[in-house]
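Below is one structure, written out as structure tokens; comments come after it.
The values are calculated or read from the model by the stated rules, or taken from the named source; none is laboratory data. The shown structure was predicted, so the numbers you read here are calculated from the model rather than taken from an experiment. Cβ coordinates were reconstructed from backbone atoms using ideal geometry, including for glycine residues, and neighbour counts include every protein chain displayed. These area figures cover heavy atoms from the full protein model, side chains too; ligands, DNA and RNA do not enter into them. Shrake-Rupley method; radii C 1.70, N 1.55, O 1.52, S 1.80 Å.
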Amino acid sequence: MPQYLLMINKRKWDRLDVPWLKPNQIQADPLGDLRINEGALSVWHIEEDKSNLDLVIAALAATRQNLDKFEYGLFGQEIVSSLDLKFQIIPGNSPSDAANGWHRDLIQLTADQTLNFVKAIFDSLEKHRLYDDEVQTKIFNAIQEGYLDLHKVNKSLRKKITQL
Amino acid sequence: MPSIVNSNAQEIVFEHELQDSSDYERLDTETASALKRNKSLKTDFLNIDQELEALFRAYANEDFEDGMESEFISEFVSCIQKYGTQAVEAVKRIILAQNVKPHMTFEALRWLGRINHPESYRSRLLFMEMCLGNPLRLVRDGAALGLASMKDAHAIPYLRKAIAQEKTQDLRKDLETVLSRLEKLSNATIPVDDK
């Protein structure tokens, strides 16, 4: 089953063992980690064989000003349909035209839907952290393979990449 | 009144008893200079602490984003580069006093590992190794990220200990990743004959 990639702050999604959380409860932190604007949450379609994962990561990292760690989560697309959430295929704004085609917005999200969404993905979310050298490799590979236009990479980052 | 005796066996008094310059005149030149420097250092000490505390306070509500520039980080790094080890000691005091929000401590620690400042290297390394045992998850994680950036095998035993004690599963995995990265680097630098 294909997945969606969601940019996250890994520590907000830790399973906490604290006395104030009852069994089957989760802390509210993940809710604050979702950047929802006008009811829309940005996610990226990832193929079942993850063949486009590296390019999506490179594309997202290339919108930043610096090389830095990159944290993301993957969740099954069936969760979106099981919660009856709406989504739209809207081109992304990364420096990769190829990757931009994989961008999606989960739309018309209400507070209740967002809460249910977080609860549904919390346990199964595959959480990953890449270090700057790994991110750098992915960006370089994407540029070399012609999928990422160096001239469209964030100016500040481009300067740093070309100096390496 | 407590007093200390200098190497020339002259009895001198603590600097707080020195009210004005005439008091310094009672001392030998070397001792007077040392005390004046110490007093100046004490003033610097307070200023660096105050400067850093003000910095942490000013950006307490900042929403940090990976890979994006931050005025807090720019000023923090400048402070460390300007004051070196004294600034690192000040950061230590501030963080250990727990007057800083955990997410700011996280950012400060991971950037302490990224700074290129040889003079304060050891101080930063030792502090982050110590922070691996902090009660707060974000502090432990920030320290681990800082140590990952420093790429120093010295941190390996501290990471192993932290991993053995880590109760948060996901954080334990992240600590294991940092350990694995450092072990790989360490093995890569050991000549084959010495293994």
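When the residues of the range B:47-74 are narrowed to those that are in a helix (DSSP H, G or I) and without any contact (Cβ under 8 Å) to a residue 24 or more places away in the chain, which ends up farthest from A:LYS12 (Cα to Cα)?
The selected residue is B:ASN47.
Which one of these is part of a strand (DSSP E or B) and under 25 Å from B:ARG140 (Cα atoms): A:LEU16, A:LEU6?
That would be A:LEU6, the only listed residue that is part of a strand (DSSP E or B) and under 25 Å from B:ARG140 (Cα atoms).
Just for the range B:146-158: of the residues that are away from chain A (no Cβ under 12 Å) and surrounded by fewer than 24 Cβ atoms within 10 Å (Cβ to Cβ), which one is nearest to B:LEU109 (Cα to Cα)?
B:MET150
Within the range A:36-65, restricting attention to residues that are touching a strand residue (DSSP E or B) at 6+ places or on another chain (Cβ under 7 Å) and either assigned to a loop (DSSP other than H, G, I, E, B) or of a type in the set (S, T, N, Q) (or both), which residue is farthest from A:THR137 (Cα to Cα)?
Filtering the range A:36-65 for residues that are touching a strand residue (DSSP E or B) at 6+ places or on another chain (Cβ under 7 Å) and either assigned to a loop (DSSP other than H, G, I, E, B) or of a type in the set (S, T, N, Q) (or both), the one farthest from A:THR137 (Cα to Cα) comes out as A:GLY39.
Inspect the range B:93-113 for any residue being within 21 Å of A:ASP68 (Cα to Cα), away from every other protein chain (no Cβ under 14 Å) and open to solvent by less than 60 Å² (accessible area, probe 1.4 Å) and give the result as yes or no.
yes
Is it the case that A:ASN24 is closer than 21 Å to A:THR114 by Cα, in a loop (DSSP other than H, G, I, E, B) and either touching a residue at least 24 places away in the same chain (Cβ under 8 Å) or open to solvent by 70 Å² or more (accessible area, probe 1.4 Å) (or both)?
Yes.
Look through B:ARG93, B:ARG172, B:ARG124 and report the one residue that is more than 21 Å from B:LEU52 (Cα to Cα) and in contact with a helix residue (DSSP H, G or I) (Cβ under 9 Å, 6 or more places away or on another chain). Before the answer, list the steps.
Working: B:ARG93 fails: more than 21 Å from B:LEU52 (Cα to Cα); B:ARG124 fails: more than 21 Å from B:LEU52 (Cα to Cα).
B:ARG172 is the lone residue from the list that is more than 21 Å from B:LEU52 (Cα to Cα) and in contact with a helix residue (DSSP H, G or I) (Cβ under 9 Å, 6 or more places away or on another chain).
Only residues that are within 14 Å of chain A (Cβ to nearest Cβ), polar (S, T, N, Q) and either in a helix (DSSP H, G or I) or out of contact with any Asp or Glu (no Cβ under 8 Å at 6 or more places or on another chain) (or both): list them for the range B:159-193, please.
Passing the criteria: B:GLN165, B:GLN169, B:THR177, B:SER180.
Would you tally the residues in the range B:75-92 being open to solvent by 20 Å² or more (accessible area, probe 1.4 Å) and closer than 21 Å to B:ASP63 by Cα?
Qualifying residue count, the range B:75-92: 3.
Under 7 Å between Cβ atoms, at least 6 apart or on separate chains: pull out the pairs that start in the range B:126-145 with a residue that is closer than 20 Å to B:THR85 by Cβ and within 13 Å of chain A (Cβ to nearest Cβ) and end on any residue that is among the basic types (Lys, Arg) and open to solvent by less than 30 Å² (accessible area, probe 1.4 Å).
B:GLY142/B:ARG110
Determine if the range B:116-123 includes at least one residue that is crowded, with 24+ Cβ neighbours inside 10 Å and either part of a helix (DSSP H, G or I) or modelled with pLDDT under 95 (or both).
Filtering the range B:116-123 for residues crowded, with 24+ Cβ neighbours inside 10 Å gives none.
No, the range B:116-123 contains no residue that is crowded, with 24+ Cβ neighbours inside 10 Å and either part of a helix (DSSP H, G or I) or modelled with pLDDT under 95 (or both).
In the range A:9-45, which residue that is in contact with a Phe, Trp or Tyr (Cβ under 6 Å, 6 or more places away or on another chain) and either among the aromatic types (Phe, Trp, Tyr) or within 14 Å of chain B (Cβ to nearest Cβ) (or both) is nearest to A:ALA58 (Cα to Cα)?
It comes out as A:TRP44.
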